[in-house]
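Here the structure comes first, spelled out in structure tokens, and everything after it is commentary.
The values are calculated or read from the model by the stated rules, or taken from the named source; none is laboratory data. Note that this is a predicted model, so its numbers are computed, not measured. Positions of Cβ are generated from backbone atoms using ideal geometry, with glycine treated the same way; all protein chains shown enter the neighbour counts.
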Amino acid sequence: MNIVVASHISDLSGPTEALIEYLKKKRRGFVAILNPLEYCEEKKRTVLYVTKGKIIRRIAPPNLKEPAIFSWMFDFILVLWFSLSTKGTIDVFIGCDPLNASAGALLKKLGKVKKLIFYSIDWSEKRFANTIINSIYYFLDAMCTRECSVNWCVTENLIKLREKQGIDKKRLLLVPVGVTTKGIPNPLKVPYDKYALVFLGALEKTKGIELVIESWPEIKKKIPQARLIVIGKTPKGIVDTSYEEILRELEDVKVVGVLEHSDVLKRLPYYGVGLAPYSYDKDSVTRYADPSRIKDYLACGLPVITTKIPDVHREISDNKAGIIVDYNPKSFIEGIEDITSTGYSKFRLLAAKLGKKYVWKTIFDKAFKDSI
């Protein structure tokens with residue numbers, strides 16, 4: 001089967017990287033066209049040619065980033081160019097956002113692609129500040145949902161949105177974000193510290209970092225043993241504030257920075273609580289997304305403190321794998337106190353149990369079975 005995966009990527013690992021690893025382990029032949037988002041510092045444009053699970057060729061196109069509009073146009077052209085350069089018909093084209101999927105839609109019209117999968121990992125009511133760019137984004141998003149053979153949606157919230165947009169439910173498939181459990185130390189057997197609170201991911205307001213900073217002095221007063229580990233960084237070009245500088249001024253806070261995903265999964269089981277207090281921002285992509293960090297926390301046995309913004313909060317609440325809080329210091333601090341109390345071990349057991357549900361292999365096995 002001839003497969004092309006086209007996606008934008010960030011400095012942090014996500015569904016695209018998991019999909020590539022899945023296809024490699026399945027020993028599928030595919031081409032992956034990966035374009036970094038404009039604020040990426042680590043990852044570069046890359047085209048991978050994979051045969052029988054092995055990368056046989058790697059191409060590094062020019063890493064044009066600015067201005068963003070030209071960068072996106074360049075991305076679109078690259079996807080078309082490398083897709084058209086593949087031998088024969090592309091059996092399955094997986095476009096992981098509207099720009100890449102729209103290239104797939106054009107290729108489908110030209111007869112180069114047989115089946116188009118639009119992989120929607122998020123959505124926002126206001127994706128871009130520029131109204132013209134925002135309108136283009138919505139146009140491409142709507143076009144892709146109409147033209148795709150199947151739309152992979154990461155949450156039920158996103159499926160409901162697509163139905164409201166008039167998309168046939170038969171072409172909507174729930175494909176939640178998962179985890180790779182290989183290499184994760186047993187979270188129920190390692191010497192963990194329940195007072196070690198970890199914040200994983202991009203340091204920006206919608207992810208809840210400002211609430212963590214505001215609440216930390218009071219958390220230290222109420223729970224003197226508490227310490228905070230921050231794994232991630234402030235996305236340059238999107239956030240003007242350097243949260244790292246503020247965090248380093250706080251007591252018992254360690255800013256680790258960005259780590260390889262495998263290293264993150266090796267560290268997390270030794271910590272106690274996963275923090276994901278998303279803010280109530282109507283323009284946040286999290287309302288329709290399935291945050292990877294929450295799945296990482298659960299897979300590593302960390303009970304989660306989050307708000308009602310991410311769709312997965314329902315499962316966390318139903319399975320007692322964490323505590324759902326309001327976006328304010330009082331509720332957030334009370335949630336931390338509740339989890340780190342004498343009932344912590346039960347929270348950890350249930351978090352680890354829920355985490356076993358989200359294994360990438362199981363998720364993608366079902367997704368391909370139901371799509372192809």
**OP:** Look at residue 103 and say whether it is out of contact with any Leu (no Cβ under 9 Å at 6 or more places or on another chain) and either assigned by TED's automatic domain parsing to the domain that holds residue 158 or of a type outside the set (Val, Ile, Thr) (or both).
**Re:** no
**OP:** Please list, ordered by first then second residue, the pairs with beta carbon atoms under 6 Å, 6 or more apart or interchain, first in the stretch 110-128 and at negative phi, second in a strand (DSSP E or B) and acidic (Asp, Glu).
**Re:** 114/91
**OP:** Name, by its number, the condition in (1) basic (Lys, Arg); (2) buried (at least 18 other Cβ atoms within 10 Å of the Cβ); (3) under 26 Å from residue 321 (Cα atoms); (4) outside the structural domain of residue 243 (by TED's automatic domain parsing) that does not hold for residue 189.
**Re:** (2)
**OP:** May I ask you to list the residues in the stretch 43-86 that are exposed (fewer than 12 other Cβ atoms within 10 Å of the Cβ) and within 24 Å of residue 27 (Cβ to Cβ)?
**Re:** 52, 54, 56, 57, 58, 85
**OP:** Could you tell me whether residue 205 is exposed (fewer than 13 other Cβ atoms within 10 Å of the Cβ), within 28 Å of residue 124 (Cβ to Cβ) and touching a residue at least 40 places away in the same chain (Cβ under 8 Å)?
**Re:** no
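What helices (runs of 4 or more DSSP H), lying completely within the stretch 322-372, carry at least 3 residues that are closer than 27 Å to residue 192 by Cα and of a type in the set (A, V, I, L, M)? Explain how you work it out, then say what you get.
Details: elements: 329-339, 344-355, 360-371.
In the stretch 322-372, the matching helices (runs of 4 or more DSSP H) lie at 329-339, 344-355.
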Original post:
Which of the residues that make up the stretch 205-247 are among the hydroxyl-bearing types (Ser, Thr, Tyr) and closer than 22 Å to residue 287 by Cα?
Top reply: 206, 234
